[in-house]
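So the structure is just underneath, and the comments pick up after that.
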Amino acid sequence: MQQLEKSDPYSSLEADTIKRLEDDYLFSTYKRYDLIISRGTGARVYDIGGNAYLDFLAGIAVNSLGYNHPRIVRVLLEQGQRMIHCSNLFYHPYQGSLAKRLAGISGMSRVFFTNSGTEAIEGALKIARAYAHKHGQADKSIILTLKNSFHGRTLGALSITAQEKYQAPFRPLVPDVQILEQFTVGALEKAFTKRICALVLEPIQGEGGVVPVPEEFLKAARRLCDKYDALLILDEIQSGMGRTGKYFAFQHYGILPDLVTVAKSLAAGYPLGAILGAARVAESLQPGEHGTTFGGGPLACRLALEVLDIIDQDDLLRKVTELGEYLVQGLKRLAAHHKSMGEIRGAGLMIGVEMGPAAKTVVDRLLKRGVLANAAHETVLRLLPPFVITQGEIDEFLSSLDGVLDDVEAESSSAGLSR
């Protein structure tokens, strides 16, 4: 590490310089915390001063194997010396093998690789429209999406991201999008018509507050998509690749979608996304109708193959289930004596805790105690720790949260009395 740092002049920049450069030269699209992360190991990251932070965010569900995993580092070094990129005009050894693995674990038949989750969503929307056209239904164009969904920030993905704060500055959006306001079978049945070409949903809404879609709703979605020859598109960008204790959240419900989008943790932090498609959509795209420059490159695909090997060989799906249950039980114990804690929901290591308006304050206070977390949908403490988290580290988090909630609730009571 010391030798690498000597060859990296940027690692020695002062904090004020780093912040000033970003303030001066970046579009101001992020409200960053006052933390400069320098490196990471396991479930911890370190700032430029060497202070450690327990990571219960994992790069927003990206770093599922934590930081500095020796097998991931080995692949980076080996493949980096061999080849990082080649054009999709040619074959390379890893793309087909990864596609086969992903098809096998998902029950799908075809794969298209992208660079990100947003791009996977854009491709899935194109496939939905192309499927309708190829079946002689050009007027079958409406995309059905759910309230509080989040599918990305490019124009098509944003158009089906049914949250006003994300959409408002960018209207007009892509037309022929219909929003379902209620997650009930009755509302879904009423919304469906022969003009709907696809229903897009997250099995567990992430940015929407870690909200699982009801099982009966998902099963009705499958039935109605079959009835109206529409595509069921499941966005598993955040919930997929093992985060819920199965490779995909839909596997908890015994259904098969027509398209699945994945990204985030697929390549352990290296940019890679994918669209996984069932046999019925295999012929929807022909050569020249869709493409990517970087998607499915040799380094990204080899990293993803290693991720899948690690998940299988280290039995991480089972561990995610067990650690998730351990975390939830600990949260329930805290909830018994913290009135600020509301509903606890999610699956595996994708957990949300209703906190109301205190959520952001709790996240800020956790950071001061050396814990990274996140507030989703303004009111939910969202927990997305890496799969390599230990029970001891979960206990450490719970202790920190307990202390934070003691302080926040005491201050709230004091403020109430002073009024």
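Fully extending the segment from E343 to I48 would add 102.6 nm, taking 0.36 nm per residue of separation and subtracting the current Cα-Cα distance. Under the combined filter of DSSP loop state and at most 15 neighbouring Cβ atoms within 10 Å, the range 1-82 retains these chymotrypsin sites (Phe, Trp or Tyr not before Pro): F27, Y30, Y33. Restricting the calculation to alpha carbons of the range 151-274 gives Rg and Dmax of 14.5, 42 angstrom.
Considering only T154, Q81, S340, whose Cα is most displaced toward the positive end of the charge dipole of the chain, charges sitting on Cβ of Lys, Arg (+1) and Asp, Glu (-1)? Of the listed residues, the answer is T154.
Taking every lysine pair in the range 175-329 that is 8 or more places apart or spans two chains, those with Cα atoms closer than 29 Å amount to 12. Dividing the helix sum by the residues of the chain, where each DSSP H run of 4 or more adds -39500 (n - 2.57), gives a mean residue ellipticity at 222 nm of -12500 deg cm²/dmol.
Report note on the peptides 352-364, 376-388, 185-197, 88-100: ranked by the mean count of other C-beta atoms within 10 Å, highest first, their order is 376-388, 352-364, 185-197, 88-100. As a calculated quantity, the FRET efficiency between Y228 and D315 at R0 = 35 Å, using C-beta atoms, amounts to about 0.30. Compactness ratio for the chain: Cα radius of gyration over 2.2 N^0.38 Å (N = residue count) comes to 1.01.
Put a dot 7 Å past the Cα of Q163, heading toward its Cβ, do the same for I179, and the two dots end up 1.2 nm apart.
Each label was represented as a point 7 Å from its Cα along the Cα-to-Cβ direction; for A187 and E283 these points are 3.8 nm apart. For the listed peptides 75-85, 256-266, a ranking on the average number of other beta carbons within 10 Å per residue, highest first, reads 256-266, 75-85. Partner aspartates and glutamates whose Cα lies under 16 Å from the Cα of K332, excluding those fewer than 8 positions away in the same chain, are identified as E322, E343, E354, D395, E396, D402, D406.
Neighbour counts of other C-beta atoms within 10 Å: give me R302, R110 arranged from fewest to most. Walk me through the numbers before you get to the answer.
Numbers: R302 24, R110 19.
Lowest count first: R110, R302.
Descending by average beta-carbon neighbour count within 10 Å, the peptides 320-328, 404-412 line up as 320-328, 404-412, the highest first. In this calculation the C-beta distance from Y33 to S97 is compared with R0 = 30 Å, giving a FRET efficiency of 0.15.
No lab work stands behind these numbers, since they all come straight from the coordinates. Just so it is clear, the structure is predicted and the values come from calculations on it, not from any experiment. Cβ sites come from the backbone with ideal geometry, for glycine too, and all protein chains shown count toward neighbours.
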